[in-house]
Amino acid sequence: MSQTTYRRLQHELKAIESDGLYKRERLITSPQSGEIRVSRNGRERTIVNLCANNYLGLADHPEIIAAAKAAMDEYGYGMASVRFICGTLDLHRKLERRIAEYLETDDAILFAAAFDANGGVFEPLLTAEDAIISDSLNHASIIDGIRLCKARRYRFENNNMTHLEAQLERAAAEAPRSIVIATDGVFSMDGTIANIPQLRQLADRFDALLLVDDCHATGILGPQGKGTAAHFGLSADIITGTLGKSLGGAAGGFVAAAQPVIDMLRQRSRPYLFSNALPPMLAGGALKAIELARAGDDLRAKLHGHAQHFRQGLQQAGFRLLEGEHPIIPVMLDEAQLAQDLANRLYERGVYVTGFFYPVVPKGQARIRVQMSAALTFEQLDQAIAAFTRAGRELGLIP
Ligand SMILES: *Cc1c(COP(=O)(O)O)cnc(C)c1O
């Protein structure tokens, strides 16, 4: 019956492949860390990992593993319920309170993922009488969350404050009840840090709420890793974040904000109401991860030192990088196939990176996004720089 559908999908998949856009997953057989074991064609090898969001190196931290195990021993494997029916543990509330205290907001609410947090944050707060102004490079989950909400939508060019101001004026002319400005704190494909000082100023001038998705900033930027706004000595009104990156790397997301916002999300946010409670082990592990991240000035110093060292090494070799100070280091290659080829050659030389291309980044802006981690050593970084240099020469990318 549905053979025509299957045939069409096969045809489309072939087109994706012939455009060099097909993504293949490698099988990792070790914990996530600076070095990982990877299996390909039945052959296992240990390679340096430069593409995890494991910024602070906490993904295999023994204290987090112990805390997760202890939570599982105490509370079991899962809750078999959404939060509001019979799924809320004291542990969930403890974690929500801890996140709020860390990020200096009234309260916080947990989601299964930051994807769900962003997917469920707009619709309960805003209707057709309101407006959302969104950065053009915001994460896919913010874009989806905005699509699910009836508020009027305005888009501003990435981190372009003049354009944001113009869009705010357009929005204000329609006299909306509420305005939300939504931005990533750090743009995940570029490593650019959002211009929070001007975002804050414009938000205040237009009586708008500033929502910052801090998935790539919590634990990394600002005092104690409090995030992008804290990095500038300022605050956001709504922070969305993940437990799946620097805070232990497992899974889970959250929104941290003022009490009425969190209370409304608990009443109305669909991914919260209609999806299972976070497993106890994730809540227990995350509590420990936040403790370690807050106290992790040494880890942050190491991470940022690594970023500087690696940027310098690749720049000296002649690679074209996007400027920045974040541990996300994009090596620009423009063409998808080139990004794939370089990634494959680096793999053969013991360095794990992934090519990023359409639809994850705009067409013609393919790149390898290198990410630093406190789990890496300087020896591994130098090994990786040498591998980049040799592979880059082979492909004629650098002199
Ligand atoms: C990773 C990421 C997300 C999604 O986080 P999950 O918890 O993995 O769903 C959302 N927004 C941004 C900016 C991200 O980088």
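The values are calculated or read from the model by the stated rules, or taken from the named source; none is laboratory data. The structure presented is a predicted model; accordingly, all values stated were derived computationally and were not measured. Methodologically, a virtual Cβ is constructed for each residue, glycine included, from the backbone with ideal geometry; neighbour enumeration extends over all protein chains shown. To get the accessible areas, we keep the full protein, side chains included, count just its heavy atoms, and leave off ligands, DNA and RNA. Shrake-Rupley method; radii C 1.70, N 1.55, O 1.52, S 1.80 Å.
Points worth noting:
- Solvent exposure ordering (accessible area, 1.4 Å, most first) of ARG37, ARG155: ARG155, ARG37
- Crossing angle, helix 378-394 versus the chain [Cα axis fit, 0-90 degrees, rounded to tens]: 60
- Tilt relative to the chain, helix 62-75 - C-alpha long axis, 0 to 90 degrees, to 10: 50
- Cross-link table LYS226/LYS288; LYS94/LYS150; LYS150/LYS226; LYS69/LYS94; LYS14/LYS245; LYS23/LYS302, entries beyond 22 Å C-alpha to C-alpha: LYS94/LYS150; LYS150/LYS226; LYS14/LYS245; LYS23/LYS302
- Note on region 62-294: with charges restricted to the Cβ of Lys and Arg (+1) and Asp and Glu (-1), its dipole about the Cα centre is near 360 debye.
- Ranking HIS306, HIS139 from most to least accessible surface, computed with a 1.4 Å probe over the protein chains only, gives HIS139, HIS306.
- Rolling a 1.4 Å probe over the protein chains gives ARG270 an accessible area of about 140 Å².
- With all protein chains in place and ligands, DNA and RNA left out, the 1.4 Å accessible area ranks SER81, SER2 as SER2, SER81, largest first.
- In a DSSP loop and with at most 12 other Cβ atoms within 10 Å, the GluC sites (Glu not before Pro) in region 10-117 are GLU25.
- Per-residue ellipticity at 222 nm from helix content only, as computed over the chain with -39500 (n - 2.57) for each DSSP H run of at least four residues, stands at -13000 deg cm²/dmol.
- Compared with the dominant Cα axis of the chain, that is its longest principal axis, helix 297-317 is turned about 50°.
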